[in-house]
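Novice: Got a structure here, written out as structure tokens. Questions coming.
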Amino acid sequence: MLSLSYDLHIHSCLSPCGDNESTPANIVGMAYVKGLDVIALSDHNSSKNCVAAKEVADAYGVTLICAMELTTSEECHVLMLMPSLEKALELDEYVHQRIMPIQNSPELFGEQLVKNSDDETVGIEDTLLISATSISFSQAFPLAESFGGVALPAHVDKSTTSVISNLGFIPPDSTFKSFEMKNISRLEEFRSGYPYLQNCKAITNSDAHYLQDINEPVNFLHAEEKSAAAVIEALRHPNILQE
């Protein structure tokens with residue numbers, strides 16, 4: 001069993017709220033410099049910049065999980081971690097067909113830039129990616145499983161866009177076994193208030209929108225090997241004693 005340093009929630013310049021300097025190549029380069037073992041590129045409702053990120057990550061030897069931060073119909077954020085670039089792009093197409101068709105206004109929300117591995121802009125996403133989709137919170141988890149991935153409720157301790165802030169409870173039909181917290185020091189508070197979380201593994205990520213906010217290698221999870229598939233399996237069937 002390996003102990004892997006991780007940051008599984010990073011936004012690129014494809015997210016309208018992401019900094020334009022947060023290109024896929026720069027993100028992977030920063031992770032490499034910091035010594036992170038595994039990262040996830042998780043833009044809002046899209047995985048398109050995972051193409052360039054995967055190319056750079058393979059060259060640098062950084063393990064990349066191709067992902068997205070899904071906005072559900074209730075406007076809850078859910079991390080969708082995929083086992084391969086191919087599955088992430090399939091999910092991207094599925095979600096694209098189910099997002100509210102609102103035109104992005106770069107002046108209001110920010111640009112949504114698709115980059116190649118040389119930091120060249122190869123596309124601009126016109127649909128506002130921070131919009132809600134028609135996918136419900138409860139549907140997100142079997143959806144991720146159907147693509148061979150895993151879904152985690154994002155930043156459950158945030159006062160906006162989390163399952164607890166938006167719904168006020170953990171749905172009784174929930175099946176997730178891992179979840180994300182922004183401030184891990186509040187873990188016992190949330191486990192006391194929401195008993196479902198007591199038998200789930202908690203992880204904490206940067207939710208970085210700027211390069212400098214990507215985590216240092218201070219958080220670790222245990223997996224059988226240093227691969228996207230192994231990390232996904234560890235989150236799907238966690239040992240909560242190894243937090």
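Novice: With the checklist (1) touching a strand residue (DSSP E or B) at 6+ places or on another chain (Cβ under 8 Å); (2) part of a loop (DSSP other than H, G, I, E, B); (3) of a type outside the set (Asp, Glu) in hand, flag the one item Leu8 doesn't pass.
Specialist: Failing condition for Leu8: (2).
Novice: For region 80-109, give me each residue that is outside any helix (DSSP H, G or I) and either under 16 Å from the mean Cα position of the chain (by Cα) or without any contact (Cβ under 8 Å) to a residue 40 or more places away in the chain (or both).
Specialist: Met80, Leu81, Met82, Pro83, Ser84, Gln97, Arg98, Met100, Pro101, Ile102, Gln103, Ser105
Novice: Restricting attention to region 170-198, and to residues there that are of a type outside the set (A, V, I, L, M, F, W, C) and within 20 Å of the chain's Cα centre (by Cα), which single residue is farthest from Glu233 (Cα to Cα)?
Specialist: The residue in question is Asn183.
Novice: Tally up the residues in region 205-237 that are among the β-branched types (Val, Ile, Thr) and not in a loop (DSSP other than H, G, I, E, B), please.
Specialist: Of the residues in region 205-237, 2 are among the β-branched types (Val, Ile, Thr) and not in a loop (DSSP other than H, G, I, E, B).
Novice: Within the group Leu197, Leu221, Leu211, which residue is at pLDDT 95 or above, crowded, with 16+ Cβ neighbours inside 10 Å and either in contact with a Leu (Cβ under 7 Å, 6 or more places away or on another chain) or charged (D, E, K, R) (or both)?
Specialist: Leu221
Novice: Select from region 24-63 the residues that are part of a helix (DSSP H, G or I) and of a type in the set (D, E, K, R) and write down the one among them that is surrounded by the most Cβ atoms within 10 Å (Cβ to Cβ).
Specialist: Per the criteria, the residue is Lys54.
Novice: Shifting gears a bit: Which pairs turn up if I take residues in region 178-204 that are assigned to a loop (DSSP other than H, G, I, E, B) and look for partners that are modelled with pLDDT of 95 or more and surrounded by fewer than 15 Cβ atoms within 10 Å (Cβ to Cβ) with beta carbon separation below 8 Å, at least 6 apart in sequence or on another chain?
Specialist: Tyr194/Phe169
The values are calculated or read from the model by the stated rules, or taken from the named source; none is laboratory data. What you see is a predicted model, and the numbers here were worked out from it, not measured in a lab. When we count neighbours, we look across all protein chains shown, and the Cβ atoms used for this are built from the backbone with ideal geometry, even at glycine.
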